[in-house]
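Comments concern the structure below.
The values are calculated or read from the model by the stated rules, or taken from the named source; none is laboratory data. All values derive from a computational prediction rather than experimental measurement. Here the Cβ is made from the backbone with ideal geometry for all residues, glycine too, and neighbour counts use every protein chain on show. Surface accessibility is based on the protein's heavy atoms, side chains included, excluding ligands, DNA and RNA. Shrake-Rupley method; radii C 1.70, N 1.55, O 1.52, S 1.80 Å.
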Amino acid sequence: MSARVQALAGDREEKLAELRKRLAALPEKHRPAKARAPREVPLQDESAQIGTGVLPVHEELARMLPGGGLPRGAVAEIAGAGSLAVSLVASVSRAGSSVALCGVSGFGMAAALEQGADPERIALIEGPLADPVAVASILLDGADVVLCELGGIAVPPSRGRAIAARARSRGSVLLVTGGRWEGASLHLGARVQGYTGLGSRPGRGRIRGIDLVFSARGRGCVNPYRGAAPSNTGLAVAR
């Protein structure tokens with residue numbers, strides 16, 4: 001990986017100070033690129049989203065989100081199939097924005113690369129982390145999107161509000177998984193509905209694709225399929 005930050009020795013304050021120093025030293029190509037145009041044909045019109053306050057996502061998920069993408073400054077809980085996080089990282093980095101993976105275990109990097117993710121714009125902070133929320137807060141200063149694995153903890157509203165304010169002031173997006181974030185503005189989910197490429201006989205064929213059912217809940221989320229779900233929840237199938 002082109003930008004890699006490993007667990008550091010020392011107490012918590014020393015770790016955070018060293019992390020700030022390393023983030024400040026990252027090459028320009030790893031810094032936020034809010035006005036950079038996409039370099040290839042995307043799943044949706046990403047060029048129309050750059051600079052409009054949202055970051056690109058898969059076209060089916062985009063239909064459910066306010067503004068057609070991830071709103072800058074948002075904190076979003078993601079749950080369900082790991083393919084959702086992979087899709088989000090691939091879409092954002094492919095469009096030229098920077099992503100930091102904060103203590104995320106088992107991330108499907110190979111799958112993200114197959115979807116066009118730009119490894120030069122992805123920084124990895126390996127876990128487990130003693131305080132992933134503190135590390136994620138710092139990463140918001142130097143990345144457009146931070147994907148943070150909470151390790152099963154519940155972030156209280158008082159702390160969540162402070163970090164959400166930091167995300168808004170930086171125009172970054174915080175994605176959290178593996179825990180609970182009180183007061184998250186978005187809740188995104190995905191489940192596997194089926195697979196493509198398998199033969200008609202059991203045990204034969206090769207999986208060539210996954211059918212995902214996306215869901216989105218939060219202010220401004222819409223349901224593109226009338227009658228399929230409540231007004232603040234969307235469902236969409238993507239391949």
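Quick notes on this one:
- Among the criteria (1) among the hydrophobic types (A, V, I, L, M, F, W, C); (2) open to solvent by 10 Å² or more (accessible area, probe 1.4 Å); (3) under 11 Å from the mean Cα position of the chain (by Cα), the one Ala110 does not fulfil is (3).
- Whichever residue in the range 156-175 is out of contact with any helix residue (DSSP H, G or I) (no Cβ under 6 Å at 6 or more places or on another chain) and hydrophobic (A, V, I, L, M, F, W, C) and, among such residues, is farthest from Gly96 (Cα to Cα): Ala162
- The number of residues in the range 120-136 that are small (Gly, Ala, Ser), open to solvent by 20 Å² or more (accessible area, probe 1.4 Å) and either modelled with pLDDT of 95 or more or more than 20 Å from Leu84 (Cβ to Cβ) (or both) comes to 1.
- Flag if Ala184 is open to solvent by 10 Å² or more (accessible area, probe 1.4 Å) and farther than 18 Å from Gly69 by Cα: no
- Evaluation of Val222 against (1) modelled with pLDDT under 70; (2) open to solvent by 40 Å² or more (accessible area, probe 1.4 Å); (3) part of a loop (DSSP other than H, G, I, E, B) (one fails), failing number: (1)
- Out of Arg217, Arg208, one residue alone is in a strand (DSSP E or B), at pLDDT 90 or above, in contact with a Ser or Thr (Cβ under 6 Å, 6 or more places away or on another chain) and open to solvent by 30 Å² or more (accessible area, probe 1.4 Å). It is Arg217.
- Qualifying residues in the range 53-64 (those that are aliphatic (A, V, I, L, M) and crowded, with 24+ Cβ neighbours inside 10 Å) - the one farthest from Cys102 (Cα to Cα): Met64
- Residues that are more than 10 Å from Leu147 (Cβ to Cβ), buried (at least 24 other Cβ atoms within 10 Å of the Cβ) and either of a type in the set (A, V, I, L, M, F, W, C) or without any contact (Cβ under 8 Å) to a residue 60 or more places away in the chain (or both), drawn from the range 94-103: Ala95
- Qualifying residue in the range 88-99 (condition: touching a helix residue (DSSP H, G or I) at 6+ places or on another chain (Cβ under 7 Å) and assigned to a strand (DSSP E or B)): yes
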